[in-house]
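Down below is the structure, laid out as C-alpha cells.
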Amino acid sequence: MALTPEGAGRAGADTAGNEGNVDAGWLRVHPASPFVRGWVALAALLFFFGRDSFERLLQGDPVFDERLAGRAPWLLLGGGTLLLLTVLGYVLSWYFTRYQVAGGYVRVNTGFLFKQQRQARLDRVQAIDVIQPLLARIFGLAELRFEVADAGESAVRLAYLRADEARQLRATILARASGAADGTPSPEPGQRETAAEEAPEQVVLTVPPPRLVGSLLLSEQSVAIVAGGIASVLLSAVTENRNFAVFLIPAAIGLVASYWSSFNKGYNFTAAVSPDGIRLRYGLLDTQAQTVPPGRIQALKVSQPPLWRMFGWYRVQVNVAGYGLAASAGEGSARTTLLPVGSLADVLEILSLVLPDPGTQDPLGVFTAGITGLADAAGTPSSGDGQDTDGGFVTSPRRARFLAPLGWRRNGFTATETALLLRSGRWWRSFVVVPHQRTQSMALQQGPLARRFRVADLVLHTTAGPVAPRLIQAGLDEGRALLDAQSARARAARKRQKSEHWMEPAAKPAAPPADDPQEGPHHG
Amino acid sequence: MRTEAIDPPGIDWLRVSPKYVTVRLAGWALGNLIAVSLLSLPLVLVLTGVWTWPPVWLGVAIPAAWLLLALWRLLLIPRQVRSIGYAEREDDLLIRRGIFFQRTLVVPYGRMQYVDIAVGPVERPLGLCTLKLHTASATTNAEIPGLPASEGARLREQLSARGEARLAGL
C-alpha cells in the first residue's frame, strides 16, 4: 500500500498522531558510520600525502623537497581539498541516509545525487543479521542487515547503528514480523515501539575452539595441501630444481589467510533458540549474529568429509532465500553454515530446531539412518515396509551396484510427513532435508547409462545456496512414484502452510490431519 | 522405443510445433559454420606457409571430425524436437525433453513467480515463441521452446491465472 514517498510520509504522520514522535520521523544512522565504512579511503589518502613529508621529518630534512618547495602550497591545497571533499561526501552520505520502521515496512533512503529508496515488508524477512567488523566493534557500532528473498542480490542494510540500538531494532523488526507484537496489527503501526523486547533465548550448543581447529586441520583443504606439498617436494627432488620454493611462498600466505578467515569466522560459534528463530553468533575479531526465523530454511545439508569420521564430526549448511549463493568468498559460506563442526548429537539438536515437527514416530532413528545408515547388502526390500532397520530409506536398486559400487547402498530417500530426506555418499556422507512446503519444482533426469540400469536421478530445485538436493540413482519405478507423491505432498503442505507471521496466535494447527491420510500410501 | 521413458504414466503430452526444427537448424548451421571455420584456421595457415607445425593431415582431421559430429547432431534434431512436450495438470505443469538425456520437470502453479515469452529473429517469421517459467529457484530452467504464438499467449494467460489462484509464499 504505502509504496510512494507520500504514502510513507502519511504512515509516519499517522503514527505521530497516535504515539507521539517516537517513530514518526526518519532516523539517521550513527554519524561515525561513513568513517568506519570508508576508513580505508581516508587512510590511503593520508598515507599518500603524508608519507613523504613524514619521512623527511624523521630524517630531519625540510618538510618539502626543495625542488617542490615552490609548489608545496599547491600540493597541500590539492591534498587538503581532496580530504575535505571526501569528508564532505561522508557527511552528506550520512545526512541523506535515513531509515524508518513503520506500517509493516522498513524503509531506507540513501544517496544525495542518485537517490535510492529501498523498502521491504517486515513479514517477508528471511533472515536478519547484526554484523560487527573489528573497527565498528571498537566504536561500539553494528550493522543491521535485513534479508529478503532475492537470492542475496540486495539486502536492506543499516550501517552503522549503536550496537544496543541495532539489537533493539532487530528485536522490534522481529517482533513485528512474527506477529507477536501486534495484537491490533496494521491500524496502529506505532504500537510495537513500546513492546519490542528482545525475545528470550536459550543456548543450544557451542563449538569449542579446539574442535574448530581440529576440524580445519582435518578438512578437505588440508588433505589437498598435504598432497600438493608432497607432490611439489617430490617434483623438485626429481628435477633438482629449487625454484619450487619460490612458488610455495605465496601459496603458503594464501593458505594461512584462508585458515585464518575460517578460524576467525568459526570462533566461538554459538547456536541458540528463541521464539524469533534460530540465533547464530560467531566470530573472533569480526563478530556476527544471525537470526533465521522459523520456516525460512529452504533446505538443509549435513555432510562429513572422510577424515572427520574419526571424530564423528559433521557440518550443517542451509539454503536461506535471502543469503543466496555462498560463492562470494568466506562471508557467504559462513552465513549459510548452521553448524561449522559438531557431533551427531549437535546435528540432531540442530535438526530438531529446523524441523520442530519431524513428521515421523521415530525421528532419532530416521535421522541417524539418514546421516550414517547403510542398506543391507541384499538391497532394500522393493515394496511393503517390513522390518526395516534403515529408517525407511529406499536406496538404489541392487542392479545399480555396477554404476555405483560403493554408493548404491547409501544413495536413498525417505519421506516423513513434513520433509523429504535424501542421503548419499559412502565416504563423503551427505544428508539433505527439504521441507515439503519448500519444494519449488522437481525434475526426473536420466542419461543413457542410467537407462540401461533402469535408474533415474530426481533433482529438487530450491533457492540458491550451498545445498543442491539430488536423489542419486533411484530405481525408475520408485523415482516416478516419488515424483508424483512428492508433488502431492508439497501441494498438501503448501495448503496448510501458516501465514508469514510465525507467532500469530494459533493459526489452527489442528487442520493437517484432515488431508494427511491420502499421502500415507505414497511412501515409496 | 526399446527402452522405457521416464515420464509418469498416463499423460497426454502436447508437442511443440514441428516448425521449431527450422529454428534449431538455423542455430545448428550458424554455430557449426563458426566452429568449423575456426577449426580450419590452422589448416589455412599451414597451407599458406605461415605456420609449420600442425601437419596437413591433422589440420584436415580436426575440422572433419567436428563436421562428422555436427552431422550426427543434425540427424538428431528432428527427434529432439519431437521429444519436447508439456502437459498441464490440475496443479502443476509438466515439461519433458531429450532422447538420450531425458528430463521430466514438474513445476507447481503455486510456485511460479513469473512467466516470460521471448521471440527470436528466426522464430518471428515462423510465428513461434519460447515460453519460460521462473520460480524462486534459479535452477528450475523451465522452458518450452517452439510454441505457436497463439498457443504461447494462451498458455501464458492460463498459467498466470492458475498461478494466482494457487499462489503460495516461498
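Where a number appears in this text, it was derived from the coordinates with a stated rule and is not lab data. Just so you know, these numbers come straight off a predicted model, no measurement behind them. Cβ atoms come from the backbone with ideal geometry, glycine included; neighbour counts cover every protein chain shown.
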Subject >> Nearest-0.05 FRET efficiency for A:Arg452 and B:Leu69, computed from C-beta distance (R0 25 Å) >> reply: 0.65
**OP:** Note down the nm distance, to one decimal, between modelled labels 7 Å out along Cα→Cβ at A:Thr81 and at A:Phe402.
**Re:** 8.0
Subject >> Likely footprinting exposure, A:Arg423, B:Arg162, fewest C-beta neighbours within 10 Å first >> reply: B:Arg162, A:Arg423
**OP:** Order these peptides, A:127-135, A:209-217, A:80-88, by their mean beta-carbon neighbour count within 10 angstrom, highest first.
**Re:** A:127-135, A:209-217, A:80-88
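Evaluate region B:57-139: find the radius of gyration of its Cα atoms, find its Kirkwood radius, and give the ratio Rg to Rh. Could you put the intermediate results ahead of the total?
On the way: Rg = 17.9 Å, Rh = 15.8 Å.
So for region B:57-139, dividing Rg by the Kirkwood Rh gives 1.13.
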Original post:
If each of A:Thr270 and B:Ser160 carries a label point 7 Å out from its Cα toward its Cβ, how far apart are those two points in nm?
Top reply: 5.1
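Computed over the Cα atoms of region B:101-149, what is the convex hull's projected area averaged over all directions, in nm²? Could you put the intermediate results ahead of the total?
Working: hull surface 16.7 nm².
Computing the convex hull of the Cα atoms and averaging its projections yields 4.2 nm².
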Original post:
Cα extents of region A:78-165 along the three principal axes, largest first, in whole Å?
Top reply: 49, 31, 25
Original post:
What is the dipole size for region B:17-110, taken about its Cα centre, with +1 at each Lys and Arg Cβ and -1 at each Asp and Glu Cβ, in debye to the nearest 20?
Top reply: 220
**OP:** Kindly express, to the nearest 10 degrees and within the range 0 to 90, the angle between helix B:149-165's C-alpha long axis and the longest C-alpha principal axis of chain B.
**Re:** 50
Original post:
Can you work out the FRET efficiency for the pair A:Leu88 and A:Ser258, with r the C-beta to C-beta distance and R0 = 30 Å, to the nearest 0.05?
Top reply: 0.20
Original post:
Between B:Ala138 and A:Ser343, what FRET efficiency follows from the Cβ-Cβ distance if R0 is 25 Å, with the result rounded to 0.05?
Top reply: 0.15
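Could you work out, residue by residue across A:445-456, how many beta carbons of other chains sit within 10 Å of that residue's beta carbon, and then give the average as an integer?
Details: counts 7, 10, 5, 5, 1, 3, 8, 1, 0, 3, 1, 4.
Going residue by residue through A:445-456 and averaging, the value is 4.
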